[in-house]
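Colleague: Handing you this structure, nothing more for now.
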Amino acid sequence: MKTTIAVALSGGVDSFVAAYLLCRQGYSVIGLHFITGFETYSFKGLKNKSLLDQAQDRLRPISKKLEIPIKVFDFTDEFKQNVIDYFINTYQSGQTPNPCLICNPIIKFSYLAKHAYKLGAKGLATGHYARRKQNRLGFWQLYKGIDSKKDQSYFLSRLTQDQLSFARFPLGEMTKRDTITLAQKTGLHPIAKKESQDICFIKKNKNYGDFLAKQPGFSFTPGSIVDVSGKVIGTHFGLHLFTIGQRRGINCPASEPYYVVRLIPERNCLVVGFKNNLVKRGCKVAQINWINTIPSASFKAGVRLRYRHKEVLADIMPAYDSTAVVRFDIPQKAVTPGQGIVIYQDDLVIGGGWIREPF
């Protein structure tokens, strides 16, 4: 009897090729897709149908092409409670969220994985460019994908051991170019326009500020813009419109451009400075997910402060309470509270946490 593997189908070429590869490898494949309530479809004949029915209609051609069943689930409530509320609350606290770091462990590898398990699947595959291996002690380890330009291990750094044991990453040993070439040869065309690292619930031509302003319960008021010395130099129209390192939208004349240096939500105050004021020597990190075991001593590792951030060496000083102090070998710009920081040793992901207090 064939082993059953479920595949999370987002609508993009990566997940379609992942499903194709598993079929070719001899697995019995089930496609799984979930809706978040933020989808918009423009295909003729779909407007009078529910989002669930629209999603099923859109995926029917790929189901026929791959010769696999595809089941669609409504995760509107789960997505609102776990991703959207987190997104709103993080901005209201004066920090910058990263919803993909929440969605992967909670929505895909928890809620969706439970459905996969109930359907008899022995694993849940995604189209992420990452790898996993089991070490000699039986721990599952997460590694970067071999395509350095597309590696998505950053977004998976909060997966637990149980989640990694159930996860499958068929594209981990491939490059994006390999995937596109294979998709073209096999006629697997994407039905989603966005890459998976984009914020899926922000509509085209909209920005975070527009989205947040329309959310129930979200409020903002104008406040002071001050320079690093505390001098009031202007007025902002909502802290949610700014993030650390931002240059646009400050609109305060000076001898050189101002950048956002800090947000102080309790005072509704935006602190700005020049480029040199963005440089930080390190930061505190909270709620770290150590993928294998908690380190018992300080160690040297590479860290990535954002998905597109170039990895930098740092001293990691862990504490017993899933926190750590990180000191960069080379001071870094725009160290942003609320963003995910991921710790690497070569290609191995050690863990990931949340940036809290730059210093």
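Colleague: Which one of these does A113 not meet: (1) under 20 Å from Y20 (Cα atoms); (2) in contact with a His (Cβ under 7 Å, 6 or more places away or on another chain)?
Modeller: (2)
Colleague: Looking at segment 60-73, I want the residues that are under 19 Å from E39 (Cα atoms) and have a partner that is of a type in the set (G, A, S) and in a helix (DSSP H, G or I) with Cβ atoms under 6 Å, at least 6 apart or on another chain. Which pairs are those?
Modeller: What qualifies is I70/S63; V72/A55.
Colleague: Being among the acidic types (D, E), in contact (Cβ under 8 Å) with a residue 60 or more places away in the chain and not in a strand (DSSP E or B) is the filter here, so list the residues in segment 306-359 that pass it.
Modeller: Passing the criteria: only D347.
Colleague: Does N277 qualify as being more than 30 Å from F139 (Cβ to Cβ), among the polar types (S, T, N, Q) and not in a loop (DSSP other than H, G, I, E, B)?
Modeller: yes
A quick yes/no check of all residues on (1) buried (at least 19 other Cβ atoms within 10 Å of the Cβ); (2) assigned by TED's automatic domain parsing to the domain that holds L156; (3) modelled with pLDDT of 95 or more; (4) in a helix (DSSP H, G or I):
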{"position": "A19", "(1), (2), (3), (4)": "yes, yes, yes, yes"}
{"position": "G26", "(1), (2), (3), (4)": "no, yes, yes, no"}
{"position": "H33", "(1), (2), (3), (4)": "yes, yes, yes, no"}
{"position": "S42", "(1), (2), (3), (4)": "no, yes, no, no"}
{"position": "G45", "(1), (2), (3), (4)": "no, yes, no, no"}
{"position": "R60", "(1), (2), (3), (4)": "no, yes, no, yes"}
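Colleague: Right, another one. Conditions first: (1) assigned to a helix (DSSP H, G or I); (2) over 21 Å from the mean Cα position of the chain (by Cα); (3) more than 28 Å from D321 (Cα to Cα). H240 passes all but one, so which condition is the exception?
Modeller: The number of the failed condition is (2).
Colleague: A further question on this structure: Determine which member of the set I233, I250, I191, I244 is of a type in the set (A, V, I, L, M, F, W, C) and modelled with pLDDT under 85.
Modeller: Unique residue meeting the criteria: I191.
Colleague: Just for segment 302-325: of the residues that are of a type in the set (G, A, S) and surrounded by 15 or more Cβ atoms within 10 Å (Cβ to Cβ), which one is farthest from G282 (Cα to Cα)?
Modeller: Filtering segment 302-325 for residues that are of a type in the set (G, A, S) and surrounded by 15 or more Cβ atoms within 10 Å (Cβ to Cβ), the one farthest from G282 (Cα to Cα) comes out as S322.
Colleague: Also, I was wondering about something else. Pick from D151, D227: which is of a type outside the set (G, A, S), more than 16 Å from A19 (Cβ to Cβ), crowded, with 19+ Cβ neighbours inside 10 Å and out of contact with any Pro (no Cβ under 9 Å at 6 or more places or on another chain)?
Modeller: D151
Colleague: Out of the residues in segment 243-293 meeting the condition of being touching a residue at least 12 places away in the same chain (Cβ under 8 Å) and among the hydroxyl-bearing types (S, T, Y), tell me which one is nearest to I88 (Cα to Cα).
Modeller: Within segment 243-293, the match that is nearest to I88 (Cα to Cα) is T243.
Colleague: Does any residue of segment 22-31 turn out to be without any contact (Cβ under 8 Å) to a residue 40 or more places away in the chain and β-branched (V, I, T)?
Modeller: yes
Colleague: Continuing with the same structure: Does at least one position in segment 101-124 carry a residue that is touching a Cys at 6+ places or on another chain (Cβ under 9 Å) and crowded, with 17+ Cβ neighbours inside 10 Å? Show your work before the answer.
Modeller: Residues of segment 101-124 that are touching a Cys at 6+ places or on another chain (Cβ under 9 Å), as a first pass: 103.
Going one step further and asking which of them are crowded, with 17+ Cβ neighbours inside 10 Å, we end up with 103.
For segment 101-124, residues touching a Cys at 6+ places or on another chain (Cβ under 9 Å) and crowded, with 17+ Cβ neighbours inside 10 Å: present.
The values are calculated or read from the model by the stated rules, or taken from the named source; none is laboratory data. Keep in mind that what you see is a predicted model, and the values were worked out from it rather than measured. Counting neighbours? That spans all protein chains shown, and the Cβs are built from the backbone with ideal geometry, glycine included.
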